[in-house]
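A.B. asks: Take this structure first; my questions come after.
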Amino acid sequence: MRDPRRTSHGPLRDRSWLFGVAAMALAGSGVATQAATDADQAEQQAEASTTTTTIVCEQPKPHRSTTTTTTEPTSSDPEQCAPETTTTTVPESEPGSDSTAPSGPDTTDDGLTPSDGSAPPDASSTAPATTTTVVPTTAPIPQTEVAAPDLPLAPPEDWPVRLISFPVGGPVTYYNDWGACRGGADCPRRHVGNDIIGRRLQPLLAAADGVVSHLVSNHRTAGWGLVIEDAEGWDYRYYHVNNDAPGTDDGSSPPEWRLAPGIAKGSAVKAGQVVAYLGDSGNSELSVPHLHFEIHQPGGLAINPYPSLRFSEAMARCSVAAPGVLKESTLMPPINPALADAVVATSTGRGRFLLSLDGTVLAQGDAASVGWTRHAVDDRPCP
């Protein structure tokens with residue numbers, strides 16, 4: 001007889017391993033299902049993160065370093081400001097510089113090409129074809145303006161003529177050197193005035209009634225000098241005033257032989273009055289003693305003084321006493337060479353000035369003349 005326990009429970013026990021396998025399979029499928037679900041959720045989250053839209057409405061300021069990230073807009077609204085794209089760095093400009101212009105030693109005027117002449121890197125080799133680089137818009141760099149000419153242009157009606165007294169007593173040499181090259185062979189500047197060549201300590205005379213409006217004190221190029229302004233606002237400028245002791249070229253700048261006694265800023269002067277003494281101060285030390293003479297309109301614009309000088313020279317020849325040459329008078333007592341503090345011979349050797357520290361001047365011989373005798377043949381006959 002069979003054992004009933006074997007008959008009733010044996011087969012079930014023999015098939016129990018199948019239930020175990022099935023249970024394990026179900027458990028495994030649950031884990032796999034959960035893993036798949038987790039993986040799907042992670043993938044969906046990753047996709048959601050790449051499609052997140054970041055709209056930046058404020059453009060980066062040119063003077064700050066700004067980094068942006070790649071995003072895509074989710075709105076098709078045309079009024080929506082464009083999203084920032086790609087990673088872009090804008091160089092900072094130096095403090096105090098114009099934020100719209102490139103700066104620094106590594107840029108040329110266009111701000112793009114390196115100063116060593118090499119070409120800028122190809123953008124297509126460093127970024128995807130679909131990438132858009134956002135760069136702040138900058139204004140174009142203006143070209144350097146051409147400097148206004150130092151030499152004023154002649155007006156259509158030609159240069160005006162001022163009725164002046166000739167600014168140097170005694171015989172001199174001068175010509176129309178307005179606009180001549182100065183400063184070297186490459187002509188860095190033009191001559192704005194006329195040079196009147198004479199001897200050291202020849203008296204310089206006021207061109208017009210007026211006031212000494214300015215004194216020039218040992219300027220690098222002009223040397224010593226002064227400016228006289230007349231009642232109409234015209235300026236008469238005297239440069240290269242004497243800076244030497246009488247009979248020397250020592251550059252000692254004795255004040256008593258620069259300006260005449262009583263001449264200071266604010267002094268009132270009369271046409272023909274001795275105001276200073278001719279010399280070679282400033283860059284005239286490399287040349288010859290002469291007066292650099294300028295005439296400026298009330299607005300400050302210089303004019304060519306040559307026509308005015310020539311007119312005053314011609315009128316002086318026709319006068320009984322050449323205007324601008326101070327002669328013996330009760331205000332200027334006569335002196336003789338023995339009593340003079342300085343004696344200046346004229347360039348012709350036919351005259352001399354007897355100068356005194358009290359400002360008295362005695363012109364003898366052709367020292368009483370004015371201008372350059374060669375001009376006399378070109379002047380109109382005296383009326």
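The values are calculated or read from the model by the stated rules, or taken from the named source; none is laboratory data. Keep in mind that this is a model prediction, so the values were computed, not measured. Here Cβ is always computed from backbone atoms with ideal geometry, including for glycine, and neighbour counts include all displayed protein chains. To get the accessible areas, we keep the full protein, side chains included, count just its heavy atoms, and leave off ligands, DNA and RNA. Shrake-Rupley method; radii C 1.70, N 1.55, O 1.52, S 1.80 Å.
A.B. asks: Computed FRET efficiency, Cβ-Cβ of Thr348 and Asn218, R0 41 Å: what is it to the nearest 0.05?
C.D. replies: E between Thr348 and Asn218, to the nearest 0.05, is 0.85.
A.B. asks: Going highest first, how would you order 203-209, 357-363, 281-287, 372-378 by mean Cβ packing within 10 Å?
C.D. replies: In decreasing order of mean packing, 203-209, 357-363, 281-287, 372-378 become 203-209, 357-363, 281-287, 372-378.
A.B. asks: Multiply the residue gap between Asp249 and Gln364 by 0.36 nm, knock off their C-alpha separation, and tell me the result in nm, one decimal place. Walk me through the intermediate numbers first.
C.D. replies: Numbers: separation 115, 0.36 × 115 = 41.40 nm, distance 2.42 nm.
The Asp249-Gln364 span can extend by a further 39.0 nm.
A.B. asks: Given the whole protein assembly as supplied and a 1.4 Å probe, what does the accessible area of His219 come to in Å², nearest 10?
C.D. replies: 90 Å²
A.B. asks: So, in nm, how far is label Asp379 from label Arg190 when the simple model puts each one 7 Å beyond its Cα toward the Cβ?
C.D. replies: The modelled label-to-label distance comes out at 2.9 nm.
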